[in-house]
Structure formats: structure tokens, C-alpha cells
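Data block below; observations after.
The values are calculated or read from the model by the stated rules, or taken from the named source; none is laboratory data. Remember, predicted model here, so these are calculated numbers, not experimental data. For neighbour counting, all protein chains shown are included, and Cβ atoms are generated from backbone atoms with ideal geometry for every residue, glycine included.
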Amino acid sequence: MRYTLLTTSLFALSLSLITGAALAAPGHGGGGNNLTEADVDRTISLEAGDMWFDPEELELAAGEVVKFEITNTGNLEHEFVIGSKEAQEEHRQMMLDMANGEGHDMSNMSQGEGHDMANMSMAGVTIAPGETGTLLWSVPDNVNELEYACNIPGHYESGMYGNFSL
């Protein structure tokens with residue numbers, strides 16, 4: 001029993017580190033695309049608490065470059081991921097599969113295998129408790145509906161998502 005608990009704990013820690021590195025990668029999922037501070041049109045500050053975001057809705061304009069500053073005031077690690085409802089659902093399922101030990105090979109993402117968030121037009125960052133994460137993102141011209149969410153298992157289902165008005 002002790003071995004199983006230790007193995008599960010180590011897996012959860014590894015998953016957290018791998019996911020964080022993948023989400024925070026520069027240009028990840030269309031979020032960065034080599035954007036710099038000089039490109040930013042405005043900065044939006046959000047708060048991520050335990051199972052909620054504040055604000056719950058944001059108004060954006062197509063082509064606008066936004067710097068998101070997300071402060072995690074909760075006690076749990078959270079992610080801030082931007083994408084369509086369908087892409088969010090696919091990412092959420094991948095996170096659940098990984099938590100259940102049904103591994104996804106994150107090392108193949110750049111070759112178009114595994115869970116390639118860039119193909120889902122997503123951008124995101126993982127934020128530890130008490131930390132602030134930033135994400136530079138250019139609002140696409142060809143999208144009508146996007147949401148931001150935390151897809152760590154159970155978080156979205158508990159209400160940790162918000163909508164963009166485009």
C-alpha cells in the first residue's frame with residue numbers, strides 16, 4: 001500500500017511538472033508566437049481562486065494583443081488555458097487520462113503526435129499557489145467563441161472557467 005501511494009504521489013508530481021512546462025512554453029498553442037511586451041495593447045489581471053476565476057467574462061477585440069496576469073490566490077495549482085469549448089474538452093480529457101495513468105507522450109508534441117495543443121489553437125500557463133503567471137496572446141480574427149479554463153481534473157466541473165465576449 002505504501003509503495004502504491006508513493007508511486008501515485010511521484011506520478012502526480014511528474015504530471016504537474018510536465019504539464020506546467022508544456023503549457024508555459026514560448027509560443028505555446030498560438031499564445032505567444034514570438035509576441036513581446038512591446039506588442040501588448042492592454043493588460044488584463046485575473047484572480048484564480050480555488051475553483052473560480054475573477055472576472056468570469058472578459059471583452060476582447062479581434063487582433064488585440066493581450067497580456068494576461070493571472071494570480072493564483074488559491075491553495076491548489078491551476079492552469080489558465082484559452083481555447084474553444086471543443087479544444088478545452090479535448091485538453092480536459094487528456095488531463096484526466098494522464099491523472100488516471102493512461103499516459104500521453106508529451107515529448108512528441110512538436111511532431112504532431114500525442115496531445116498537440118497548437119493544433120487545437122490553445123494557449124495556456126500553469127500557476128502554482130501564491131504565484132502569478134503571465135500569458136501574451138493575440139486574439140484571433142476568425143473565432144466567434146472562446147473560453148478560458150482550468151482543466152486540471154475536477155476544476156472545470158467545479159466552475160473554473162470563463163467566457164470571452166468577442
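Of note:
- Any hit, the stretch 69-84, residues being at pLDDT below 95, crowded, with 16+ Cβ neighbours inside 10 Å and part of a helix (DSSP H, G or I): no
- With a requirement of 2 or more residues that are under 16 Å from A62 (Cβ atoms), the strands (runs of 3 or more DSSP E) lying completely within the stretch 116-166 that satisfy it span 132-138, 161-165.
- Odd one out for F164, checked against (1) at pLDDT 60 or above; (2) more than 14 Å from L46 (Cα to Cα); (3) touching an Asp or Glu at 6+ places or on another chain (Cβ under 9 Å): (2)
- Of residues in the stretch 53-63 being in contact (Cβ under 8 Å) with a residue 12 or more places away in the chain and in a strand (DSSP E or B), the one surrounded by the most Cβ atoms within 10 Å (Cβ to Cβ): F53
- Count of the stretch 35-52 residues which are in a loop (DSSP other than H, G, I, E, B) and either more than 25 Å from E157 (Cβ to Cβ) or touching a helix residue (DSSP H, G or I) at 6+ places or on another chain (Cβ under 6 Å) (or both): 5
- Qualifying residue in the stretch 100-119 (condition: at pLDDT 85 or above and more than 25 Å from P55 (Cβ to Cβ)): yes
The rows are residues; the columns are (1) at pLDDT below 95; (2) under 28 Å from S165 (Cβ atoms); (3) acidic (D, E).
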position	(1), (2), (3)
R2	yes, no, no
L5	yes, no, no
L15	yes, no, no
A21	yes, no, no
T36	no, yes, no
A62	yes, yes, no
K67	no, yes, no
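- In this structure, M122 does not qualify as buried (at least 17 other Cβ atoms within 10 Å of the Cβ), at pLDDT 70 or above and farther than 24 Å from T73 by Cα.
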